[in-house]
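The structure under discussion appears below in the form of structure tokens.
The values are calculated or read from the model by the stated rules, or taken from the named source; none is laboratory data. In this text, all values refer to a predicted model and were calculated from it rather than measured experimentally. Every residue, glycine as well, gets a Cβ built from its backbone with ideal geometry; the counts of neighbours run over all protein chains shown. The protein model used for the area step is the full one, side chains on, heavy atoms only, and it has no ligands, DNA or RNA in it. Shrake-Rupley method; radii C 1.70, N 1.55, O 1.52, S 1.80 Å.
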Amino acid sequence: MIEFKLNGAIVSTDDAPDTPLLWVVRDTFKLKGSKFGCGAGLCGACTMHIDGAAIRTCLLPISRVAGRDVTTIEGLGTPENLHPLQAAWHELSVPQCGYCQSGQIMSAAALLADNPSPSAADVDTAMAGNICRCGCYGRIKEAILQVSGAALAYDAAAPAQETGA
Amino acid sequence: MSILNVSRRGFLKSSGIVGGGLVVGFSLSGCGRAPLPIEPEAGGFVPNAFLQISPDNSIRFYCPRDEMGQGVTTGLATLIGEELDVDPAAFDVVFAGVHPDYNNPAMMVQNTGGSTSMKAHYLPLRQVGANTRAVLIEAAAIELNLRADQLETDNRYIIANGSRYPYGKFVNTAARLQAPEAAPLKSTDDFRYINHTFPRIDAVAKATGTAEFGIDIDIPGMHHAVVRRSPVTGALIESVDTSAAKAMPGVTDVIKISSGIAVVAQKYWQAKQAAQKLEPVWQEVPLGRMDSASLRHDYEQLMAGEDGVVAADEGDIEAGLEAAHGTLEAQYWTPYLAHAPLEPMNAVLNIADGKAELWSGTQSSQAAQGLVARFSGIDPENITVHNTYMGGAFGRRGFLTHVIEVTEIATAVDKPIQLVWSREDDIRHGVYRPSSLMKIRAGIDAQGNVTTWDAKRVGGNVGVDTLRSMLPGLFPGLGDGTINWMVGMADTTVRGWIADPTSIEGIFEDYDFENVKVTHTTVEHGLPLAFWRAVGHSYTSFAKESMMDELAIAAGVDPVEFRLTNTQNNPRLNNVIRIAGEVMREMQPAQGRYLGFAAHHSFATDVAEIAEVSIDNGKVRVHKVTCVVDCGIAVNPDVVRAQMEGSIMFGLTAALYGNLDLEGGAIRESNFHDYPILRMNEAPAVEVIIVDSGTEPTGVGEPGLPPIAPAVANAVFAATGQRLRSLPLKLQV
């Protein structure tokens, strides 16, 4: 039995310890916002926060997550209570197919939590691990830069703030 | 329009009265089929197959086309909302089930593709909106004791004497009226939503992880399946020991299916781990003796030979050669490519009590339903198909072997099944953009006119494989023998008589060539082929626009002027080239950066692109792309912009990286480390200029792609003097 924190709640699972966190979150805890894209840590669609850091979870065994604090896209914001990045994603019509966007937003949120005013080059570096097959990169970058500088320390329980741009 | 009298009851009955509400037969074609595919819920008013208006004023739009990221839900909600007077963002949009009313008017089947959706639905869906608004106004007039011409509408409300009444207030009366079939449409000057920019209506769902993709479906009792397939397409199992896989935790079934061996387990990861324990031995097939070099050799031999079908023959190419001041001949290569949508293929199927329910994001719900019918033996009318958002498609999700697989598995093991492909499955067991070898011999006179254009393409035919893939689903009643015969006839025809149009489309049509010949020679080695974003245009543009650049430079003519000279009979493309040329002239690229130009007409849309590149450490880097597009009225200009941006990135991935190699008949590449996709730090800035020619909308999902590879190749020539005639572009160092 492995115990960890998932979007603020303590959860436990008896899935095999080598099961990647992504599949535990999707199949056992039924949170489907984090996506499977490559299974090899190459595309970033499965990105979640573990103790605040953006981590690829399609390879990460849950044995490594015991006692850690995991946040998924569902813990970042909701349609009624958007995180500033999600509001910017809507305002700028960032998504096309949308499949990679949970991972993109989780990477972006971790970047901004770490560096609230990144340069365009900082954004490129931080986001280079997230593939968007539809090619929405220009809008993703614009949305991140639009939000950067705004108050960003997010709290899943607190109401989302308006975008600061 | 009037309250229906008794004599009309016969019509009503045949149209179907369901529940408390009224269902009036109505379809895009105007000839209603009964019964309608949707039923009224909770007193809802269902005037046609596309709308349900509830007493609480919520309005559901049954979207007939499939959303793969191209923005079709936003676009079609805009068309119907414009005339119904409903803010597109206010609709509750659901994907339509399978029914002829939802056929794509451009195809006569329920498919999404070919950049057809806005063009094909522009008038029909507006008409549906207008007719429904008219019947709501008529109902309101009756209830409010006013004349229809005293009423206005404003975003889901009837306005009467300064008061606002929700549409939902009048649904009971409206349900007793017959809607007109040809209510007047708005003039373009009165558009409130069409040609206006507002956010995509699916952006919030897609930014919050709440948009439901096929892979997110989870139903009670669902088991998970993983399939092991032959590394070489088409090889059957010789032998396999399933005992180790069966002994793995959670595994319930290991069975042979037509494409390989399926492992079923309680959870995905269990199925995936167990499938690794299989060590199947596969039969040998001829493709197993091929590798990239031997394959290329076949193309070269056929290019040198005389075989082929004449696909176009206008004027006299020999006379054109004699009239030429100079001639050029060059050969261009483009490789096999996978679509690699980020969401791997998947499907959920539940078979119970002689009925089936399928969840999968596909470009053809109709074909998906037919395939379940064909491989389960259940009648199509007992098969419900739930389409979902697609995590990318680009043509890939018109080819549904995963639906066949899930049907075979669910039928055999008698459990609800979710089948999920891995990325490796996607790259190695998919359907592919065919590779092409193209040769163009062209002549030019002293005035810069092209005097002759003699083009030949060697490659596979997507059209035949599309028939092979789609006929079994679209016509589940046809026997395999009949289908094989039809596909065989098509294959014989395109090999020996009439070229498959998708094989050579775009190789000459854009220019005023008086003397043209296009020859096509088929070569196939057994890899299944598919539409891939822009189809034939994705490679013919590379040959055509590279050759135009080569000719202009050889003749000492400005490449933009050269294209203007040769598009006198094609004013819309000419205009796009002219505007892009003016933009290009104003550009002042920084030191070390060079510009390249290309233009192409596809899917009824004209696009010109300018690529600004530099060479960094022997590698091509694209800094900026400027795109000029004429797609008629832009239904949502920002979605058009997004499609141009996306097509450019997709085409750039192909231009810089895209390549599949064969080794022993198997695809060598397997995942994003060796089949790379452009990343943010490699992505250029894109500027899109929309030329509003005011015509009805034309395609936007694909036309942005064809010009980008040649624009970059032409810029590379400007930068280095190297003429790169193979994709992906690789500089000689």
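Numbers below:
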| read-out | value |
| --- | --- |
| Near pairs, Cβ below 8 angstrom, 6+ apart or cross-chain, from the stretch B:672-694 (within 7 Å of chain A (Cβ to nearest Cβ)) to any residue that is part of a strand (DSSP E or B) and at pLDDT 95 or above | B:685/B:623; B:685/B:624; B:685/B:625; B:686/B:624; B:686/B:625; B:686/B:626; B:686/B:627 |
| Residue satisfying condition, being under 27 Å from residue B:341 (Cβ atoms), facing chain B (nearest Cβ under 8 Å) and part of a helix (DSSP H, G or I), within set A:107, A:34, A:102 | A:102 |
| Single match in B:555, B:604, B:530, B:534 (criterion: among the hydrophobic types (A, V, I, L, M, F, W, C), open to solvent by 10 Å² or more (accessible area, probe 1.4 Å) and under 30 Å from residue B:111 (Cα atoms)) | B:604 |
| Count - residues of the stretch B:411-425 that are open to solvent by less than 30 Å² (accessible area, probe 1.4 Å) and either out of contact with any helix residue (DSSP H, G or I) (no Cβ under 8 Å at 6 or more places or on another chain) or under 15 Å from residue B:260 (Cα atoms) (or both) | 7 |
| Of all residues in the stretch B:227-267 being among the polar types (S, T, N, Q) and in contact with an Asp or Glu (Cβ under 8 Å, 6 or more places away or on another chain), the one that is most open to solvent (accessible area, probe 1.4 Å) | B:258 |
| Residue count, the stretch B:173-193 (criterion: free of Cβ contacts under 8 Å to residues at least 24 places away in the same chain and either open to solvent by less than 20 Å² (accessible area, probe 1.4 Å) or in a loop (DSSP other than H, G, I, E, B) (or both)) | 1 |
| Those residues of the stretch B:302-332 which are buried (at least 23 other Cβ atoms within 10 Å of the Cβ) and under 20 Å from residue B:725 (Cβ atoms), in sequence order | B:332 |
| Subset tally (residues that are more than 22 Å from the chain's Cα centre (by Cα) and either within 14 Å of chain A (Cβ to nearest Cβ) or surrounded by fewer than 24 Cβ atoms within 10 Å (Cβ to Cβ) (or both)) for the stretch B:333-350 | 3 |
| Residue in the stretch B:645-653 that is outside any helix (DSSP H, G or I) and either open to solvent by 30 Å² or more (accessible area, probe 1.4 Å) or facing chain A (nearest Cβ under 9 Å) (or both) present | no |
| Which listed residue, of B:224, B:196, is within 14 Å of chain A (Cβ to nearest Cβ) and surrounded by fewer than 23 Cβ atoms within 10 Å (Cβ to Cβ) | B:196 |
| Test for residue B:437: is it under 30 Å from residue B:322 (Cα atoms) and crowded, with 23+ Cβ neighbours inside 10 Å | yes |
| Some residue of the stretch B:585-597 being within 29 Å of the chain's Cα centre (by Cα) and in contact (Cβ under 8 Å) with a residue 60 or more places away in the chain | yes |
| Residue in the stretch A:66-79 that is open to solvent by 10 Å² or more (accessible area, probe 1.4 Å), part of a strand (DSSP E or B) and not acidic (Asp, Glu) present | yes |
| Condition met for residue B:469 (within 19 Å of the chain's Cα centre (by Cα), crowded, with 19+ Cβ neighbours inside 10 Å and away from chain A (no Cβ under 14 Å)) | yes |
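Results for (1) modelled with pLDDT under 95; (2) among the aliphatic types (A, V, I, L, M), shown as yes or no for each residue.
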{"position": "A:78", "(1), (2)": "no, no"}
{"position": "A:85", "(1), (2)": "no, yes"}
{"position": "A:106", "(1), (2)": "no, yes"}
{"position": "A:137", "(1), (2)": "no, no"}
{"position": "A:149", "(1), (2)": "yes, no"}
